[in-house]
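Notes for the one structure printed next.
The values are calculated or read from the model by the stated rules, or taken from the named source; none is laboratory data. All values derive from a computational prediction rather than experimental measurement. Methodologically, a virtual Cβ is constructed for each residue, glycine included, from the backbone with ideal geometry; neighbour enumeration extends over all protein chains shown.
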Amino acid sequence: MSGIAVVDQPTGERVVIWHVSVGDGLESTMAGAWVLPADDERIDGLIAGRLLVTTDAAGGRFGAGADAGALATAVQGEVDALDRAFTAHLATLPSSRRQLVRPRWPRVPAAAAPALAGDPVASGALTVARWVSDLLVAWGEIEGLRLSRPFLLAHGGEAARAYPPSWPQDGGATTGAAA
């Protein structure tokens, strides 16, 4: 997976693209930003092969991308499911072994926090890109906690997952509601 492209078109003349790179499923970083004329030939190359997350303003041109709100819901849903699996495992232990410490699940941001970019036209895309990055950082922490507990491997397998299972898994996926 080559990562995510958050795309905004805040004006008819400008397109803003922020890349969020996804590591081995356990990290996420803001990787690059472009503010380009709407007719710039580099746009297609900057979004090719990436999972698109589009703002409402960009949805008309680029299509409805993967939904950042759905990512937040999916990450929180996995936390809830893993916590239930932990509780169920704890209940199977003899009372003498029930001192197992509950994982400290990371906070999952339910909404984007407004961000100001150096170029104000890029602030909308930056807001969504930071939210997606924060969600993927939390996801990486969750996967680390899951993988470090053998009894949680049944929930998701033995390998780190790049994204929650209910979110698009590849760069060709651009369906879903706009962010």
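One table, with the values for the structure above:
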| read-out | value |
| --- | --- |
| Residue in the stretch 132-148 that is outside any helix (DSSP H, G or I) and not hydroxyl-bearing (Ser, Thr, Tyr) present | no |
| The stretch 35-61 residues that are closer than 11 Å to VAL16 by Cα, paired with ones that are in a strand (DSSP E or B) and basic (Lys, Arg) (beta carbon under 9 Å, 6 or more apart) | VAL35/ARG14; LEU36/ARG14; PRO37/ARG14; ALA38/ARG14 |
| Qualifying residue in the stretch 87-102 (condition: hydrophobic (A, V, I, L, M, F, W, C), surrounded by 16 or more Cβ atoms within 10 Å (Cβ to Cβ) and in a loop (DSSP other than H, G, I, E, B)) | no |
| Residue in the stretch 17-26 that is in a helix (DSSP H, G or I), modelled with pLDDT of 95 or more and surrounded by 15 or more Cβ atoms within 10 Å (Cβ to Cβ) present | no |
| Index of the failed condition, LEU82 passing every other in (1) part of a strand (DSSP E or B); (2) under 18 Å from GLU143 (Cβ atoms); (3) not charged (D, E, K, R) | (1) |
| The stretch 128-179, subset under 12 Å from VAL22 (Cβ atoms) and among the polar types (S, T, N, Q), residue modelled with the lowest pLDDT | GLN169 |
| Selection status of GLY65, surrounded by 24 or more Cβ atoms within 10 Å (Cβ to Cβ), touching a Ser or Thr at 6+ places or on another chain (Cβ under 8 Å), in a loop (DSSP other than H, G, I, E, B) and modelled with pLDDT under 95 | yes |
| Meets criteria (in contact (Cβ under 8 Å) with a residue 24 or more places away in the chain, within 30 Å of ASP39 (Cα to Cα) and small (Gly, Ala, Ser)) for ALA81 | no |
